[in-house]
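The values are calculated or read from the model by the stated rules, or taken from the named source; none is laboratory data. Because the structure is a prediction, the values reported are computed rather than measured. Positions of Cβ are generated from backbone atoms using ideal geometry, with glycine treated the same way; all protein chains shown enter the neighbour counts. To get the accessible areas, we keep the full protein, side chains included, count just its heavy atoms, and leave off ligands, DNA and RNA. Shrake-Rupley method; radii C 1.70, N 1.55, O 1.52, S 1.80 Å.
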Amino acid sequence: MICFPLDNTRYEAKEMGAYLCTRTRGVFSADDNLAVSPGTEGLSVVVSPGIAWFKWSEYWGTAAVQEKSLTLKLDAADGALDRLDVVVGRLDKVGNLADISIRKGAFSSAPAITDPVRDESADEIYLSSVRVRAGAVSITAEDITDMRLNEEYCGLMRDGVTGIPTAQLQEQVQELIDHLNEEIKGIEQGSEVMLKA
């Protein structure tokens, strides 16, 4: 049985991995933690510093830290079609390292992204998608879609035993927004009736 930590005991990575295994894959927070923003030169984006967690296996979790801002360049745009690229956090289990890179999408009139790789060779999270518009020479904030709260592609790291999934929180907030919108519509309609009277 693996135990971590025990006094006066030498450990390997798998023991620390066992300590981290109950945490879900994702980023530490959705503030500035591995946030993606437009770069200042040409077709590029900037990824802010932050922490991510990956799943090496069922009993092995891995933490990865990006200590400095990272600028990533995107390939040239097409003259007629758009493309959806993805900013990917990736644990390479074969190469025994983690990195952040751009996964280039296909040019299309309706561009789409592929699913993250999560198998014996790699574990991935998607930080954002980036729309490279036809003829574009730079990236704007409107071209970037934050994917960090989307649990299908990333999500917030949490203790898998006690954490609340962000999808549940998003659903509750959306229900509250919908309820408030209905209340506002009712008030507006009531005001119209009173003004007409």
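Leu43 meets each of the listed conditions (1) open to solvent by less than 50 Å² (accessible area, probe 1.4 Å); (2) under 17 Å from Met157 (Cβ atoms) apart from (2). When the range 1-40 is limited to residues that are small (Gly, Ala, Ser) and more than 16 Å from Leu70 (Cβ to Cβ), the one that is surrounded by the fewest Cβ atoms within 10 Å (Cβ to Cβ) turns out to be Ala13. So, in the range 60-94, exactly how many residues are open to solvent by less than 40 Å² (accessible area, probe 1.4 Å), more than 16 Å from Gly39 (Cα to Cα) and in a loop (DSSP other than H, G, I, E, B)? Here the count works out to 1. The set of residues in the range 110-140 that are surrounded by 14 or more Cβ atoms within 10 Å (Cβ to Cβ) and among the acidic types (Asp, Glu) comprises Asp123, Glu124. Residues that are within 30 Å of Tyr19 (Cα to Cα), not hydrophobic (A, V, I, L, M, F, W, C) and not in a loop (DSSP other than H, G, I, E, B) occur at least once in the range 98-114. Inspect all residues belonging to the range 134-150 and state whether any of them is of a type in the set (A, V, I, L, M), modelled with pLDDT under 95 and assigned to a loop (DSSP other than H, G, I, E, B). Yes: the range 134-150 contains one or more residues that are of a type in the set (A, V, I, L, M), modelled with pLDDT under 95 and assigned to a loop (DSSP other than H, G, I, E, B).
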